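The values are calculated or read from the model by the stated rules, or taken from the named source; none is laboratory data. Remember, it's a predicted structure, so these values are computed and weren't measured experimentally. Here the Cβ positions follow ideal geometry from the backbone for every residue, glycine too, while neighbour counts run over all protein chains shown. Only protein heavy atoms, including side chains, enter the accessible area calculation; ligands, DNA and RNA are left aside. Shrake-Rupley method; radii C 1.70, N 1.55, O 1.52, S 1.80 Å.
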Amino acid sequence: MSTINFINKITEKTSVWEYLFNLQNRKPIVLYGMGNGADKILNLCAEKNIKITDIFASDEFVRGHSFRGYEVKKLSEIKTLYKDFCIMTAFATRENSMIEKIQKLCEDYELYSPNFPLFGEEYPDYGFFRENIADAENAYNLLSDDISKENYINIINFMISGRLGYLKNIESAKHDALDLLDLRDNLHYVDVGAYNGDTVFELSDYLYSKNINIKKITAFEPDKKNFAKLEKNLKERNLSDKYEIYNLGAWSEEKILYFDSKSGRNANFDDNAVNSKKSVEVCVNRLDNVLHIAQNSEVLIKYDVEGAEYEALTGAKDIIKKYSPKLIVSLYHRNKDIFKLPLLINDINPNYKFYIRKHKYIPCWDLNLYAVPL
């Protein structure tokens, strides 16, 4: 595909923020939700001179309180106040009932769902993808099926515009995506960023449904409280004879990093955490230094390390070169992940097929790369 043809597939030229700046004179813009997401949106809107007229929340969360100087209203109150309005969602969800509610709002009102990068970067616009067009196109050309290529373009257009229509028909069930890996008996599963063990159990249930035997589980989790939950949950699931776990982060070298420890799924390495009351020192290391893989093993490594995927993959170069493990890699934590991570793996070992699958979530979270050795 020529670069011109690829660029032409990116049809959204105007970022959601540019659009809302021009829209605010025609209809009020209201924010749906509170918390960290709302803080980010309000801060960016203030920076870009976009007026948020009101904030509303789901009825069960409205208790007569305020947020950032706004009285938090119910949707019914917003409907009474304004004949027509534009909604911006300010939270992430994978719950079916909430997704259905947002989709219904999308049918009745103009609605946008900004896709903020999770870790410390500018919001991506068309200019961002133009600046990185060579890498974006090269990653697109690595994709092995039409579904992945369609997903890739839709995701880029969504990242720019915040229009949920781009995500409507691209969701895949986790089991269908795992089928792409063609997993075999006596699997060694390596969970990098294991949290409390939820993804270990998700894979175990899938393997059980397929009558595939899991031989060994190796899990890495740097947060101490999450690690304690992981250890407890693995014991309760009677997997004690199969697993080894490390209270360790995966990185490109052995060192000490500061961890912004919130004891949740989004706890992460943060250069600024050294000055935070919540910061803790965490040991990190290369998987190449720590992980033992038996010869001729069937190996699957999952990376969900809250923005440290590039460093974690770099620290497993020798393993990826020598053993060609099957890989599941999160692509949504940083703006460049969608093209930077496939290119990195291909540079380490060019003998992979690549697939991109998006699972149920608003906004574009739970987006994974599935890499299968040729």
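Can you give me the number of residues within the range 333-358 that are under 15 Å from Tyr152 (Cβ atoms) and either part of a strand (DSSP E or B) or touching a residue at least 40 places away in the same chain (Cβ under 8 Å) (or both)?
14
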Lone unmet requirement of (1) free of Cβ contacts under 8 Å to residues at least 12 places away in the same chain; (2) farther than 17 Å from Asn368 by Cα for Asp146: (2)
Quick check on my filter: what residues within the range 186-201 are within 17 Å of the chain's Cα centre (by Cα), of a type outside the set (S, T, N, Q) and open to solvent by 10 Å² or more (accessible area, probe 1.4 Å)? Gly193, Tyr195, Asp198
Determine whether Lys242 is over 23 Å from Glu309 (Cα atoms), open to solvent by less than 60 Å² (accessible area, probe 1.4 Å), free of Cβ contacts under 8 Å to residues at least 40 places away in the same chain and among the charged types (D, E, K, R). yes
Going by what's in this entry, would Asn351 be described as out of contact with any helix residue (DSSP H, G or I) (no Cβ under 8 Å at 6 or more places or on another chain) and open to solvent by 10 Å² or more (accessible area, probe 1.4 Å)? yes
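Can you tell which of Tyr195, Tyr208 is among the hydroxyl-bearing types (Ser, Thr, Tyr), farther than 23 Å from Val372 by Cβ and outside any strand (DSSP E or B)? Working first, answer last.
On the way: Tyr208 fails: farther than 23 Å from Val372 by Cβ.
Selected residue: Tyr195, the only one of Tyr195, Tyr208 that is among the hydroxyl-bearing types (Ser, Thr, Tyr), farther than 23 Å from Val372 by Cβ and outside any strand (DSSP E or B).
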Matching residues, the range 149-185, being surrounded by fewer than 14 Cβ atoms within 10 Å (Cβ to Cβ) and within 10 Å of Arg357 (Cα to Cα): Ala173, Asp176
The one condition in (1) within 17 Å of Ala173 (Cα to Cα); (2) modelled with pLDDT under 95 that Asn335 fails to fulfil: (1)
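Any idea which residue in the range 126-148 is least open to solvent (accessible area, probe 1.4 Å), counting only those that are more than 16 Å from Ile4 (Cα to Cα) and in contact with a helix residue (DSSP H, G or I) (Cβ under 6 Å, 6 or more places away or on another chain)?
Taking the range 126-148 first, the residues more than 16 Å from Ile4 (Cα to Cα) are 128, 142-148.
The next check asks that each one be in contact with a helix residue (DSSP H, G or I) (Cβ under 6 Å, 6 or more places away or on another chain); those that pass are 142-143.
Numbers: Leu142: 43, Leu143: 10 Å².
Restricting to residues being more than 16 Å from Ile4 (Cα to Cα) and in contact with a helix residue (DSSP H, G or I) (Cβ under 6 Å, 6 or more places away or on another chain), the top hit is Leu143.
Go through the range 109-124 and give me each residue that's charged (D, E, K, R) and either at pLDDT 95 or above or open to solvent by less than 40 Å² (accessible area, probe 1.4 Å) (or both).
Of the residues in the range 109-124, the ones charged (D, E, K, R) are 110, 121-122.
Result: Glu110, single match.
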What number of residues within the range 68-106 satisfy the criterion of being surrounded by fewer than 15 Cβ atoms within 10 Å (Cβ to Cβ) and part of a strand (DSSP E or B)? 1
Could you tell me which of the residues Val280, Val284 is open to solvent by less than 10 Å² (accessible area, probe 1.4 Å) and more than 21 Å from Asp179 (Cα to Cα)? Val284
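Counting only residues that are part of a loop (DSSP other than H, G, I, E, B) and in contact with a strand residue (DSSP E or B) (Cβ under 8 Å, 6 or more places away or on another chain), which one in the range 12-55 is most open to solvent (accessible area, probe 1.4 Å)? Before the answer, list the steps.
So in the range 12-55, the residues part of a loop (DSSP other than H, G, I, E, B) come out as 12-15, 24-28, 33-35, 48-53.
Of the ones still in play, those that are also in contact with a strand residue (DSSP E or B) (Cβ under 8 Å, 6 or more places away or on another chain) are 27-28, 33-34, 50-53.
Details: Lys27: 37, Pro28: 32, Gly33: 6, Met34: 55, Ile50: 11, Lys51: 134, Ile52: 8, Thr53: 44 Å².
Filtering the range 12-55 for residues that are part of a loop (DSSP other than H, G, I, E, B) and in contact with a strand residue (DSSP E or B) (Cβ under 8 Å, 6 or more places away or on another chain), the one most open to solvent (accessible area, probe 1.4 Å) comes out as Lys51.
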